[in-house]
1. Answer yes or no as to whether residue 53 is within 24 Å of the chain's Cα centre (by Cα) and part of a helix (DSSP H, G or I).
2. Out of the residues in the stretch 110-128 that are outside any helix (DSSP H, G or I) and free of Cβ contacts under 8 Å to residues at least 40 places away in the same chain, which is surrounded by the most Cβ atoms within 10 Å (Cβ to Cβ)?
3. What's the number of the condition residue 31 fails, among (1) in contact with a strand residue (DSSP E or B) (Cβ under 7 Å, 6 or more places away or on another chain); (2) surrounded by 15 or more Cβ atoms within 10 Å (Cβ to Cβ); (3) without any contact (Cβ under 8 Å) to a residue 24 or more places away in the chain; (4) more than 24 Å from residue 292 (Cβ to Cβ)?
4. Among the residues of the stretch 116-134 satisfying the criterion of being in contact with a helix residue (DSSP H, G or I) (Cβ under 9 Å, 6 or more places away or on another chain) and over 25 Å from residue 50 (Cβ atoms), which is modelled with the lowest pLDDT?
5. Is at least one residue of the stretch 129-151 in a helix (DSSP H, G or I), touching a strand residue (DSSP E or B) at 6+ places or on another chain (Cβ under 8 Å) and closer than 30 Å to residue 241 by Cα?
6. Run down 76, 82 and say which single residue is within 19 Å of residue 116 (Cα to Cα), part of a helix (DSSP H, G or I) and touching a strand residue (DSSP E or B) at 6+ places or on another chain (Cβ under 7 Å).
7. Taking residue 6, is it surrounded by 11 or more Cβ atoms within 10 Å (Cβ to Cβ), in contact (Cβ under 8 Å) with a residue 60 or more places away in the chain, in a strand (DSSP E or B) and in contact with a strand residue (DSSP E or B) (Cβ under 7 Å, 6 or more places away or on another chain)?
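The values are calculated or read from the model by the stated rules, or taken from the named source; none is laboratory data. Bear in mind the structure is a predicted one, so any value in this text is a computation, not a measurement. Glycine gets a Cβ as well: all are built from the backbone with ideal geometry, and neighbour counts include every protein chain shown.
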């Protein structure tokens, strides 16, 4: 990692430190401050001229503040003559707004991609994009890593036989099928109807879950409405135990309270987003770290090595 420096915004300092520990480098000296009127001020306190710079910043809540922090940091490094600037975004906010679902609405995920590029980013490293085709929104290289290997290892350690992998909606079937194949498990699908944003009603379970350990697989948990409805439908079909796994624990609103009162036994998440205080206190939530995976991607990106083996 010669001629490279890692910097961090304020979104997820714990994950950044774990990544630095894996790579065995010190975190770059930068201050991200806020003026009294809410404007963000960036100060880079070391020389980055001709350096390979990596900025680690999840665009999680507060989404807009963290996004602007990232954009301003990229601009600061561009104006400081960094040779290459890589935006490492473990959680890519606005990813769900990737198409026009109604007349006269923006494609917000594309706009964010454009802003990152115009600000001066040379490359993006991210994880578990809501839709893989978001990579095509960028005119710069994008490495979309997957937490699948980490979650699979956890499932293999904790559960042995009689598993059924559940997709909570039609959009997640491909992901669930890949997990079921590698675990030699059965597959089931929830038929879901969505009446409004963040409101879902599970209608039916397609597949046999009776007497089995059901593991619901999703890319993110936001309000937990979909997850709770899915768990309720699965419980009604006689599943022995119900667990859930996801990459991004957004966990907004009353999600933690819903999880605590649900039939779910555990929820396994990664640390792409730091847990809020309520989620951290919930005894149903287990956190797996993606620091080693992201750290390895940073090393290979800097050295010009292939990252293909990480896309599993």
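1. Details: within 24 Å of the chain's Cα centre (by Cα): yes; part of a helix (DSSP H, G or I): no.
So residue 53 does not fit the description; no.
2. At the first step, the residues of the stretch 110-128 found to be outside any helix (DSSP H, G or I) are 120-128.
Checking the rest, the ones that are also free of Cβ contacts under 8 Å to residues at least 40 places away in the same chain come to 122, 124, 126.
Working: 122: 18, 124: 21, 126: 24.
It comes out as 126.
3. In the conditions (1) in contact with a strand residue (DSSP E or B) (Cβ under 7 Å, 6 or more places away or on another chain); (2) surrounded by 15 or more Cβ atoms within 10 Å (Cβ to Cβ); (3) without any contact (Cβ under 8 Å) to a residue 24 or more places away in the chain; (4) more than 24 Å from residue 292 (Cβ to Cβ), residue 31 misses (2) alone.
4. Here the answer is 131.
5. Yes, some residue in the stretch 129-151 is in a helix (DSSP H, G or I), touching a strand residue (DSSP E or B) at 6+ places or on another chain (Cβ under 8 Å) and closer than 30 Å to residue 241 by Cα.
6. Details: 82 fails: part of a helix (DSSP H, G or I).
Residue meeting the stated conditions: 76.
7. When the stated conditions are applied, residue 6 passes them.
Yes/no matrix, rows are residues, columns are (1) in contact with a strand residue (DSSP E or B) (Cβ under 8 Å, 6 or more places away or on another chain); (2) in a strand (DSSP E or B); (3) at pLDDT 95 or above; (4) closer than 18 Å to residue 13 by Cβ:
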| residue | (1), (2), (3), (4) |
| --- | --- |
| 242 | yes, yes, yes, no |
| 248 | yes, yes, yes, yes |
| 253 | no, no, no, no |
| 258 | no, no, no, no |
| 263 | yes, no, no, no |
| 267 | yes, yes, yes, no |
| 272 | yes, no, yes, yes |
| 275 | yes, no, yes, yes |
| 278 | no, no, no, no |
